[in-house]
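Notes follow the structure.
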Amino acid sequence: MKPFVITSILAPTNLSEPSLPALRYVRLLADRFSAKVTVMNTDPITNVANFVGPTDRLGYLLTTPEYEDRLRGEIAQCAGPVMAGRAFDVDVTVGQAVPAILTSAKKHNADLIVMGTHQRRGWRRALLGSVSEGVLHGSGCPVLTVPDRDTATPHAITNIMCPVNFTEVARESLHAAARLAEAFHARLTIVHVLEKDEVTDIEAHEREVRAWISPELQDRCSYRELVVHGGPAERLLDCAEDLAADFLVIGAQHTLFRDATVLGTTTERLIRFASCPVLVIPRLAVPAESGANAKNELVGAMM
């Protein structure tokens with residue numbers, strides 16, 4: 001199992017005020033883990049004046065050095081107040097956001113990407129931003145999504161919730177949650193969801209859950225186990241609210257479906273509807289026809 005470490009953080013930003021909550025978590029994590037920070041922005045604007053050739057080949061073109069310098073200054077101005085006293089690098093790219101972010105993450109050897117998400121209301125909450133969704137589907141490193149809630153809200157990690165089942169991706173997310181709980185002296189609640197009629201002996205299953213949780217966690221952080229019943233996404237969202245969780249850690253198995261990489265529907269629903277930051281611990285994509293182990297589900301629910 002690859003240990004959970006945070007040494008290099010990539011923070012894509014669109015230079016707007018709603019992106020500040022994500023930057024505040026970048027600062028929080030960078031300070032605690034002494035991690036290197038790269039703040040990046042991808043500009044889709046082209047400079048047609050610099051292009052010589054057929055117009056049908058216009059695409060994302062390189063901007064002038066002066067324009068890139070100005071953009072770097074805007075990034076520094078946006079991130080500067082949040083990152084005051086901490087050095088950070090600036091990365092400016094031109095082109096489509098998702099591939100640019102994934103490329104930058106590899107270039108900077110990022111082991112964490114932190115992104116803001118829109119906290120929509122009503123039916124719009126069912127929509128996950130296309131950039132966030134694309135990065136989540138394509139990233140090989142953990143991705144932290146942060147709702148663009150009120151920027152005045154305190155940013156802290158004090159109460160972590162980690163859904164689990166009996167898979168390896170669940171164990172990886174559990175170790176990540178335990179590492180964060182240990183680093184921030186946070187309370188950790190490990191939640192397992194039982195769907196209707198999934199088991200007949202509830203007490204025996206609860207013992208199985210407790211036995212599955214690695215004993216080594218007992219010496220690393222304070223935690224408790226919780227077994228709940230119902231639909232996975234709904235019950236986990238209810239639990240997060242009831243527990244007043246301020247941080248979720250979930251595992252996601254990337255699964256190949258034709259030419260696309262997909263995540264479990266429960267995973268995506270938690271990211272869309274959770275009111276607190278969600279850290280997604282990924283596993284590499286596997287062929288969809290490879291059997292039960294390839295199920296692209298959240299670690300808290302096997303479907």
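Coordinate-derived values only; no laboratory data. If you're wondering where the values come from, they're calculated on a predicted model, not measured in any experiment. Positions of Cβ are generated from backbone atoms using ideal geometry, with glycine treated the same way; all protein chains shown enter the neighbour counts.
Okay, here's what the table says:
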quantity: Mean Cβ count within 10 Å, highest first, over the residues of peptides 26-34, 176-184; calculated: 176-184, 26-34
quantity: Sorted by Cβ neighbour density within 10 Å, fewest at the top, the residues Leu174, Leu226, Leu20; calculated: Leu226, Leu20, Leu174
quantity: Per-residue Cβ neighbour rank within 10 angstrom, fewest leading, Thr13, Thr200; calculated: Thr200, Thr13
quantity: Packing-based exposure ordering (other Cβ within 10 Å, fewest first) of Lys107, Lys2, Lys36; calculated: Lys2, Lys107, Lys36
quantity: 11 Å beta-carbon shell around Asn41, net charge (K/R +1, D/E -1); calculated: -3
quantity: Net lengthening on full extension, Leu243/Ala211 (0.36 nm per residue, minus Cα-Cα); calculated: 9.2 nm
quantity: Karplus (6.51, -1.76, 1.60) ³J(HN,Hα), θ = phi - 60°, over the stretch 65-76, in Hz, Gly and Pro reported as x; calculated: x, 5, 5, 5, 5, 5, 5, 4, x, 5, 5, 4
quantity: HN-Hα J in Hz across the stretch 241-251 - Karplus 6.51, -1.76, 1.60, θ = phi - 60°, x for Gly and Pro; calculated: 6, 5, 7, 6, 5, 10, 6, 10, 10, 10, x
quantity: Phi-based couplings in Hz for the stretch 25-35 (Karplus 6.51, -1.76, 1.60; Gly and Pro marked x); calculated: 6, 4, 4, 4, 6, 5, 5, 6, 10, 6, 8
